[in-house]
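The structure's right below; bear with me while I get my questions together.
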Amino acid sequence: MGRADVRDLDSLRSAADAAAVHFGRLDVVAGAGVGSMAPLETLDPEVWERVVDIGLSGVWRTFRAGLPHVKRHRGYLLAVSSMAAFVHSPLNGPYVAAKAGVWALCDATRLELRHEGVGVGSAHPTFFKTPMMDDVHADPAGATLWGGNRAGLWKTVPLGKVVDAVVTGIERRSPMIVVPRRIAPAARTPGLVRPLVDRIGFRGTTVPDAIARANETGGITRR
């Protein structure tokens with residue numbers, strides 16, 4: 001079926017067409033994303049453009065390419081957002097902006113498509129092991145900010161737990177999938193929870209220490 005680039009709508013359309021022929025129908029999971037690790041003041045503007053283009057516009061393009069096939073079978077669109085959509089962490093400006101945008105895009109698209117019988121959902125996992133997280137932990141600023149995600153509020157969850165929750169969400173055509181469930185209140189009441197997260201999530205000099213270790217490329221963004 002070939003490969004697709006989420007920055008290229010034509011390649012996504014070709015991939016969606018091929019997948020629909022191969023499988024006989026098509027539902028869409030749009031989960032591309034890359035990160036960065038630098039404050040707004042020093043972040044390379046090209047890194048901002050790349051992170052947002054892949055993480056947000058890439059989801060829009062994937063939905064757009066797959067929608068004609070999904071509509072035929074009254075299917076389901078799922079975008080992989082993140083806990084970052086409602087927990088907005090420092091040194092992650094383009095990433096959290098993209099993930100919050102994905103959440104909003106899914107809500108808007110759900111309203112546009114409900115009369116067509118098409119479901120739209122967004123998945124919001126907390127930290128789990130991925131190549132991107134390996135890069136975060138290897139980056140001096142990322143290691144300082146997150147402490148390896150070994151314990152506490154930012155502790156990683158097993159990959160299998162995320163996969164199981166996403167599969168269940170697809171089967172139920174869920175409008176929102178949150179992993180683990182304990183962070184669901186933060187998703188549903190962001191205005192109430194955010195001040196608490198800001199106060200206990202990044203204590204002392206954690207943020208300025210991470211900024212001091214960051215570089216203008218954002219460190220973890222691969223070109």
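The values are calculated or read from the model by the stated rules, or taken from the named source; none is laboratory data. Only a predicted model underlies this, so the values are computations on that prediction, with no experimental measurement involved. So basically every Cβ, Gly included, is an ideal-geometry build from the backbone, and we count neighbours across all protein chains shown. In case anyone asks, the SASA skips ligands and DNA or RNA and just uses the protein heavy atoms, side chains included. Shrake-Rupley method; radii C 1.70, N 1.55, O 1.52, S 1.80 Å.
With the condition kept exactly as written, say whether any residue in region 98-111 is of a type outside the set (D, E, K, R) and over 30 Å from L196 (Cβ atoms).
yes
Taking region 197-210 as the search range and keeping residues that are modelled with pLDDT of 85 or more and in contact with a Leu (Cβ under 9 Å, 6 or more places away or on another chain), which one is most open to solvent (accessible area, probe 1.4 Å)?
Per the criteria, the residue is D209.
Of all residues being farther than 15 Å from G101 by Cα and either among the β-branched types (V, I, T) or not in a helix (DSSP H, G or I) (or both) in region 62-73, which is modelled with the highest pLDDT? Just the residue, please.
Among those residues, the one meeting the criterion is V70.
Taking the stated definitions as given, is V59 free of Cβ contacts under 8 Å to residues at least 60 places away in the same chain and either in a helix (DSSP H, G or I) or in contact with a helix residue (DSSP H, G or I) (Cβ under 6 Å, 6 or more places away or on another chain) (or both)?
For V59, the condition - free of Cβ contacts under 8 Å to residues at least 60 places away in the same chain and either in a helix (DSSP H, G or I) or in contact with a helix residue (DSSP H, G or I) (Cβ under 6 Å, 6 or more places away or on another chain) (or both) - is met.
Further question on the same structure: If I ask for residues that are in contact (Cβ under 8 Å) with a residue 12 or more places away in the chain, among the aliphatic types (A, V, I, L, M) and surrounded by fewer than 17 Cβ atoms within 10 Å (Cβ to Cβ), which ones from region 144-169 would you list?
Within region 144-169, L153, L159 meet the criteria.
What is the number of the single condition among (1) over 30 Å from A143 (Cα atoms); (2) surrounded by fewer than 18 Cβ atoms within 10 Å (Cβ to Cβ); (3) of a type outside the set (V, I, T) that L26 does not meet?
(2)
For the subset of region 74-117 comprising residues that are open to solvent by 40 Å² or more (accessible area, probe 1.4 Å) and assigned to a loop (DSSP other than H, G, I, E, B), which member is modelled with the lowest pLDDT?
Top of the filtered list is H88.
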